[in-house]
Each structure stands twice: as C-alpha cells, then as structure tokens.
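The values are calculated or read from the model by the stated rules, or taken from the named source; none is laboratory data. Everything numeric in this text was worked out from a predicted model, so none of it was measured. Cβ atoms come from the backbone with ideal geometry, glycine included; neighbour counts cover every protein chain shown. The area values use the complete protein model at the heavy-atom level, side chains included, leaving out ligands, DNA and RNA. Shrake-Rupley method; radii C 1.70, N 1.55, O 1.52, S 1.80 Å.
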Amino acid sequence: MSIASGLRGRHLTRRPVQLYVGLTLYGVSSALLVRGSLGLEPWGVLHQGLAEKTGLTIGVVSIVVGAVVLLLWIPIRQRPGLGTVSNVFVIGLAMDGTLALVPESDGLAVRVPLLVLGIVLNGVATGLYIAARFGPGPRDGLMTGLHRLTGRSIRLVRTALEVAVVATGFLLGGSVGIGTVLYALSIGPLAQFFLRRFAVPEREGGLTVAPSGPAPTQGPARTQGPAPAEGPAPAQDAAPAGDPAPAEDAGPATAARPPAVAPGTPEQAILRR
C-alpha cells in the first residue's frame with residue numbers, strides 16, 4: 001500500500017476524518033494511562049522508560065520510536081500508507097497536548113477511572129483508525145512483516161515483540177502494573193467491538209468491512225434442505241449486489257458477527273490480542 005493508495009473510492013471525506021479522530025483519541029487515551037499511573041500499554045512502557053532516561057517528553061519519544069520502527073520497514077519490504085505516516089506524528093502530539101492539560105493525581109479514586117477511561121478510549125480509537133483503512137501503524141506493520149519473513153504465527157511474533165518491549169521499558173523505568181495486564185486482556189475485544197461500529201460499508205483495497213447492525217431480512221430464512229422445484233427463487237432472496245461475500249470459514253450471518261477483515265493483513269493482526 002502506498003501513502004496515497006487509500007485516497008480514492010467512496011467515503012473520501014469520512015475516512016480521513018475518521019483516521020485523524022482515531023489517531024488523536026489514541027494519543028489522548030495513552031496520556032490518560034500515563035496519568036493513571038497503574039501501568040501502561042506495552043509500547044507505552046518503552047516510551048515512558050526512554051523519556052525518563054533522555055529527558056524528552058513521552059510524546060516526542062513516541063514520534064522518534066515510531067520513525068525508527070518505520071525505517072525498519074525498508075529491509076522487510078513493508079509499504080506505508082497515509083495512516084502509517086500520520087500515526088507516527090499525530091499520536092505523539094496528542095499525548096503531549098493531553099498531558100499538558102490533565103494534571104497528575106495521587107488518589108486511587110481518580111487514577112482508577114483514568115485507567116479504565118484510557119483503555120476504553122484506546123479501544124474506540126483503534127476501531128476508528130483501523131476502519132478508516134489507510135494502513136497500519138509502524139509497530140503493527142513491523143509485526144506482520146516479521147510474521148511474513150519468519151513464517152512464525154502472528155500471535156508468537158506479537159508476543160515476542162511486546163514482551164521484549166515491556167521488559168526493555170521496565171528496565172529503563174517505564175510503568176508496568178495492573179493497567180498493563182488489564183490493557184492486554186481487554187484491548188482486542190474492545191477494538192473489535194468498536195470496529196463494527198465504525199466500519200465503512202464498502203469493499204476497497206482488499207479489506208472488507210461490513211456495516212454494523214442486524215443482517216437484512218429480505219425474504220424468508222433459508223434452510224439446509226434442497227431448493228424447491230417450483231422455478232427460480234424469488235428475487236428478494238438473492239443477496240444484494242453490493243454486499244461482500246462472507247469469508248469461507250464464516251458461519252451464518254448474525255447481528256453479533258464482527259466485520260470481515262482480510263486474513264493476513266495488519267488490521268487483522270491488530271485484533272489478535
């Protein structure tokens with residue numbers, strides 16, 4: 001995916017707005033986790049540790065680390081999108097802006113709500129920017145690139161990367177705690193839930209995202225028996241021409257089924273937490 005490859009098709013206005021709102025909220029959510037002081041997300045631990053050692057703000061460190069990780073895409077032949085490059089800068093700027101506005105607090109009565117709000121808002125932000133379909137963030141692209149080169153499972157590559165990142169950040173002085181564990185357990189389900197809510201109802205660029213809400217009820221329910229012999233099926237039973245075909249391993253469509261995300265893409269890997 002090239003940087004400009006997502007700038008076509010329908011929803012041209014909605015998708016960039018959704019991308020930048022999502023990235024901004026991601027930075028805000030990361031800052032709330034910092035102010036909660038109960039443990040950060042894996043890469044946040046590294047960013048905080050580096051900030052402690054260098055004297056830079058955590059937002060600036062996030063930008064520098066994102067740029068370095070993006071350079072690692074070159075030898076593994078990953079191609080950035082608009083969202084990839086925007087991810088590097090927008091999240092770090094939003095983090096520093098939020099930290100300047102939200103004061104530190106020592107009381108658990110404030111820190112626990114900040115932690116919970118930060119994790120939930122991070123899920124909202126992840127769903128927004130993934131559904132915008134402008135490319136993965138630098139860190140997720142690194143993970144899927146290594147998965148492709150090594151042949152190891154995405155879960156194994158992700159676990160190895162994040163354990164290394166958390167351990168390094170912790171040794172540098174980053175915050176690891178109950179918030180780190182809670183984030184790891186909840187961010188996948190949260191991101192998938194909000195991806196359904198913010199999905200763009202269109203097939204583009206190899207990633208299919210179905211609109212949220214219950215499946216259409218056009219015509220009677222189908223059964224597994226043979227088709228009736230009295231001529232062709234009524235027109236209302238046919239699937240609408242614009243609807244994407246379900247994945248081969250998908251079961252019957254239900255209102256609770258998450259939107260389909262193309263296998264092997266960074267977007268799918270983001271949800272495998």
Along the dipole axis of region 131-199 (charges at Cβ: +1 for Lys and Arg, -1 for Asp and Glu; origin at the Cα centre), the most positive-end residue among Phe170, Ala132, His147 is Ala132
Excluding ligands, DNA and RNA, the carbon-plus-sulfur percentage of the accessible area of region 28-121 with a 1.4 Å probe reads 70
Reciprocal of mean inverse Cα separation for region 59-176 (Kirkwood radius, Å)
16.0
If you average the sequence gap of Cα pairs under 8 Å that are 6 or more apart and divide by the length of region 78-166, what percent do you get for the contact order?
46
Once each part is reduced to its C-alpha centroid, what is the distance from region 127-164 to region 30-103 in angstrom?
16
